[in-house]
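The block underneath contains the structure these notes are about, expressed in structure tokens.
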């Protein structure tokens, strides 16, 4: 058995798992990979590994972050990181005259309500 595993370059645990389950493991793996890809595309490529794991676990699939990461890397899927929203409300380069600072000519206030 040991020689056979060496020749085929298969671990003994993988060989024994194949003996007991046969092709069932491959079909489960393919179904899991298809579900991961489908969920990833369902959320418009915005969900990363952590959110995908939570989503898949909510759907009843027992899966961890390592497996999801491997599948995403296998198929070259990468989550899109949207740019953060920064409001642009002020146009500082306008051609209009700027109001003068009238407080520069006054004395420094020493109490409230002096300006």
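Laboratory data are not the source of any read-out in this text; all were calculated from the coordinates shown. Please read all numbers here as calculations on a predicted model, not as lab measurements.
Note the angle between two axes, namely the Cα long axis of helix 12-21 and the longest principal axis of the Cα atoms of the chain, as a number of degrees from 0 to 90, rounded to the nearest 10.
80 degrees
Given only helices, namely DSSP H runs of n ≥ 4 each adding -39500 (n - 2.57), what is the per-residue ellipticity at 222 nm of the chain, to the nearest 500 deg cm²/dmol?
Roughly -15000 deg cm²/dmol at 222 nm, from the helical runs in the chain.
Please report, to one decimal in angstroms, the Kirkwood hydrodynamic radius of region 23-81 built from all distinct Cα-Cα pairs.
11.4 Å
Compute the acute angle (0 to 90°) between the alpha-carbon long axis of helix 24-42 and the principal axis of greatest extent of the alpha-carbon atoms of the chain; round to the nearest 10°.
20 degrees
Select from 72, 104, 41 the residue whose mean-square fluctuation is largest in a Gaussian network model of the chain (Cα-Cα springs shorter than 10 Å).
So, out of 72, 104, 41, the one fluctuating most is 104.
Over the Cα atoms of the chain, what is the Rg over Rh ratio if Rh follows Kirkwood?
Here the Rg-to-Rh quotient is 1.51.
Give me the angle, in degrees from 0 to 90, between the Cα long axis of helix 49-58 and the longest principal axis of the Cα atoms of the chain, rounded to the nearest 10.
The answer is roughly 60 degrees.
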